[in-house]
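The next block holds one structure in the form of structure tokens; read it before the comments.
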Amino acid sequence: MKIAGKSLNEYFVVSRNFLAFVFIIMISIVILRLSPDVPPGIQTLLSLLGGIVFVWAGWSSVRLHGFDLKQVSIIGLLLSLGVHWSLPIFHGAREVSYLIFINSFVYSIIAVFGGWLAKMSALLIPGRKK
């Protein structure tokens with residue numbers, strides 16, 4: 001089955017390592033949020049690290065695997081599944097449905113931004129592979 005010109009296996013190959021990073025970050029955030037003795041800035045720091053992972057995933061899918069930006073958005077959606085499992089722990093049932101929609105959109109945009117950076121770096125640095 002092809003989605004936007006790539007097979008599900010191609011999407012999985014590109015995103016599997018990043019999905020592991022996202023799971024580790026989210027498990028850390030859940031543990032820290034449930035712990036009473038955690039400094040407040042740690043969760044923000046881990047969230048920023050998660051954003052960096054999404055940008056990195058977008059960048060590498062364009063630069064190393066030849067994906068287009070529409071395909072990178074699907075990588076962002078796949079990686080957002082690594083975050084959504086934790087939503088019911090801290091949010092009510094009403095919040096979870098729209099948070100899944102909003103988070104999926106935001107994470108796809110962040111991944112596409114990383115892909116866009118990869119495309120721009122290929123244009124700005126001559127002699128590098130596009």
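Limited to region 65-114, what total is found for residues that are surrounded by 13 or more Cβ atoms within 10 Å (Cβ to Cβ) and either hydrophobic (A, V, I, L, M, F, W, C) or in contact with a Lys or Arg (Cβ under 6 Å, 6 or more places away or on another chain) (or both)?
Of the residues in region 65-114, 23 are surrounded by 13 or more Cβ atoms within 10 Å (Cβ to Cβ) and either hydrophobic (A, V, I, L, M, F, W, C) or in contact with a Lys or Arg (Cβ under 6 Å, 6 or more places away or on another chain) (or both).
For residue 23, only one of the following conditions fails: (1) in contact (Cβ under 8 Å) with a residue 24 or more places away in the chain; (2) open to solvent by 60 Å² or more (accessible area, probe 1.4 Å); (3) more than 11 Å from the chain's Cα centre (by Cα). What is its number?
Only one criterion is unmet by residue 23, namely (3).
From 24, 29, 74, grab the single residue that is modelled with pLDDT of 85 or more and farther than 30 Å from residue 122 by Cα.
Going through 24, 29, 74 in turn, the sole match is 24.
Of the conditions (1) among the small types (Gly, Ala, Ser); (2) touching a Phe, Trp or Tyr at 6+ places or on another chain (Cβ under 6 Å); (3) free of Cβ contacts under 8 Å to residues at least 12 places away in the same chain, residue 80 clears all except one; give me its number.
Status for residue 80: all satisfied but (3).
Suppose we filter 12, 18 for residues that are among the aromatic types (Phe, Trp, Tyr) and surrounded by fewer than 14 Cβ atoms within 10 Å (Cβ to Cβ); which single one remains?
Details: 18 fails: surrounded by fewer than 14 Cβ atoms within 10 Å (Cβ to Cβ).
After applying the criteria, what remains is 12.
The values are calculated or read from the model by the stated rules, or taken from the named source; none is laboratory data. These numbers come from a predicted model, not from an experiment. Positions of Cβ are generated from backbone atoms using ideal geometry, with glycine treated the same way; all protein chains shown enter the neighbour counts. Surface areas here come from the heavy atoms of the whole protein model, side chains and all, with no ligands, DNA or RNA. Shrake-Rupley method; radii C 1.70, N 1.55, O 1.52, S 1.80 Å.
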